[in-house]
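The values are calculated or read from the model by the stated rules, or taken from the named source; none is laboratory data. These numbers come from a predicted model, not from an experiment. Every residue, glycine among them, receives a Cβ derived from its backbone with ideal geometry; neighbour counts consider all protein chains shown.
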Amino acid sequence: MRDADGFDEFYRETSARMLRYGYALTGDLAEAQDVVQEAYTRAWRRWATVSAHPAPEGWLRLTVGRLSTDRWRRLSGWRAAVRRAGPPEPVGPPSEDAVLLTAALRKLAVPTRQAVALHYLFDLSVADIAAEIGAPVGTVTSRLSRGRAELAEILTPARTPEVTDAEH
Amino acid sequence: MPNTEVDDAFAALSSDAERGLLLSGPELRRQAGKRHNRGLAVTLSAVAVIAVAASGAGWSLANSSNRETALPPAENSSPSFSPPPQPSSSAPPSSSPSLSEPPSSAPPPASAPPTAEGPPLPKSIPAKALLTKADSRSDNFARLDEARGVPEFCSKAKFPSRDQKGVSASVQLGYRKAGTPAEYIPDDLIYDTVTVFRGQGAQDYLGDLRRAVQACPSTKDAEFDSLGSLGLGDESLMIKRSFTATDGEGNPVDNGSKTVTFIAAVRIDDAVTLVESVGYENLGSEQAEIEKVAKVAAGRLDDWR
């Protein structure tokens, strides 16, 4: 018997930040909604296993990461049906700053984007990220360093072009 | 300072994500019960999910302070919707971090353990996760004592995903396609290996296979071609392997003819089922049959994992 109350509590506590993570990975809030709902649907289907794990939120993050990477293959049929039926779209337009970041994130390689998002959105350390995604610590360090530098380079001139000009 | 820019940008993204809509927990569970099967059934039931949503039930803002508030139907929500209230120091429950604060200054999420290791590994791969004797349509079926390793390509093919391998098992089947009489020899010899990986190992394994084809397009023994996705599971890959045909004694047939076999890999979450045909004796494989077998194997894995 699955613990519905336990799942609902877990969902209530974690789904908002999971949506932020999906948003960072996909760059589109509507897609992030789909990915996150699908991930929690899978979690509920195997909730007895997921809830017994010491890090159920880590399980969700991995699933959201996989679905975000494969979202077109995995969810294309679902998305098509959703669009035909007129889904609730996110409320209002995206903020300018969010658009800048998602555009910048899309320029990063997927593993780099994932490492950066895990660090900034979940405050995970390099060691935690390495353990979660099953990569060496050195690899994660390198991805984080590269990702921060690339993001800073993209974001800084976009916000303060006059500073860039003055440096020449 | 560059990282301030990045911090601020992620804070803006977090705040912007509050526009998102998610089903309430009970509604999500209810819909999950309907969506047990994949494929067409999923698409059809997705329409049902949205039909429910369009009638105004079950959707709520991602912002935790509005979590239990059902939204009006989508067509009415845009013009009349008011921005969600700003979180105050007393309003949000302690388990829900403020979405508008920069992550660098916010405490780590309470329910995110510092060392997440992904889903738990099973102790073993059950028979139901693999192809079965019934799938083989022959008596030539066995579970191997040891799981098979990665397919052979060439020395340039590397499989670092091997380090993330968790549990694995293989079966061997002498495969008869539908309609082949029982007294005939099998049409093919096929191995099915199911492996559950740690972390992102399953994704990496598919990546390693793709790179192996690129690294080894042609060796002295065989040629490899990627035939692309099979449209199965979370991702899939079909590889064609061609080599010089041999006669019944195993000697090369000196007329340029090739024997073809296939490798089909399907990933579902953290697990991969790999169907590898090697041909029965000196015979080759039929692509359409291997595609059918891969679909069955993917279904077995999906039902289990």
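List the helices (runs of 4 or more DSSP H) inside region A:83-155, counting only whole elements, that have at least 2 residues being among the acidic types (Asp, Glu) and at the interface with another protein chain (Cβ under 7 Å from one of its Cβ atoms). Even if it seems obvious, please write down each step before you answer.
Values: elements: A:96-106, A:110-122, A:126-133.
Because the criterion is at least 2 residues that are among the acidic types (Asp, Glu) and at the interface with another protein chain (Cβ under 7 Å from one of its Cβ atoms), the helices (runs of 4 or more DSSP H) in region A:83-155 that meet it are A:126-133.
Given the options A:75, A:19, name the one that is at pLDDT below 90 and in a helix (DSSP H, G or I). I'd like the intermediate steps shown before the answer.
Details: A:19 fails: at pLDDT below 90.
A:75 is the lone residue from the list that is at pLDDT below 90 and in a helix (DSSP H, G or I).
For residue B:224, indicate whether it is buried (at least 24 other Cβ atoms within 10 Å of the Cβ) and not small (Gly, Ala, Ser). Let's see the steps before the verdict.
Working: buried (at least 24 other Cβ atoms within 10 Å of the Cβ): no; not small (Gly, Ala, Ser): yes.
No, not satisfied.
Quick one: count up the residues across region A:7-42 that are of a type in the set (Lys, Arg) and surrounded by 24 or more Cβ atoms within 10 Å (Cβ to Cβ). Don't jump to the end; show me each part of the working.
Filtering region A:7-42 down to residues of a type in the set (Lys, Arg) leaves A:12, A:17, A:20, A:42.
This time we only want the ones that are surrounded by 24 or more Cβ atoms within 10 Å (Cβ to Cβ), so: A:17, A:20.
Total satisfying the criteria: 2.
Going by the structure shown, is residue B:22 outside any helix (DSSP H, G or I), at pLDDT 75 or above and under 30 Å from residue B:301 (Cβ atoms)? Quick ask: steps written out before the conclusion?
Working: outside any helix (DSSP H, G or I): yes; at pLDDT 75 or above: yes; under 30 Å from residue B:301 (Cβ atoms): yes.
Considered against the rule, which asks whether it is outside any helix (DSSP H, G or I), at pLDDT 75 or above and under 30 Å from residue B:301 (Cβ atoms), residue B:22 comes out as yes.
Please count how many residues of region B:202-241 are modelled with pLDDT of 90 or more, part of a strand (DSSP E or B) and in contact with an Asp or Glu (Cβ under 6 Å, 6 or more places away or on another chain).
Of the residues in region B:202-241, 1 are modelled with pLDDT of 90 or more, part of a strand (DSSP E or B) and in contact with an Asp or Glu (Cβ under 6 Å, 6 or more places away or on another chain).
Taking region A:15-45 on its own, how many of its residues are at the interface with chain B (Cβ under 8 Å from one of its Cβ atoms), touching a residue at least 24 places away in the same chain (Cβ under 8 Å) and over 14 Å from residue B:20 (Cβ atoms)?
The total comes to 1.
Look through B:218, B:136, B:124 and report the one residue that is among the hydroxyl-bearing types (Ser, Thr, Tyr), surrounded by fewer than 16 Cβ atoms within 10 Å (Cβ to Cβ) and touching a residue at least 12 places away in the same chain (Cβ under 8 Å). If you could, list the steps in order and put the result at the bottom.
On the way: B:218 fails: touching a residue at least 12 places away in the same chain (Cβ under 8 Å); B:136 fails: surrounded by fewer than 16 Cβ atoms within 10 Å (Cβ to Cβ).
The match here is B:124.
Scan (1) under 30 Å from residue A:129 (Cα atoms); (2) hydroxyl-bearing (Ser, Thr, Tyr); (3) in contact (Cβ under 8 Å) with a residue 60 or more places away in the chain for the single condition residue B:191 breaks and write down its number.
That leaves (1) as the condition not met.
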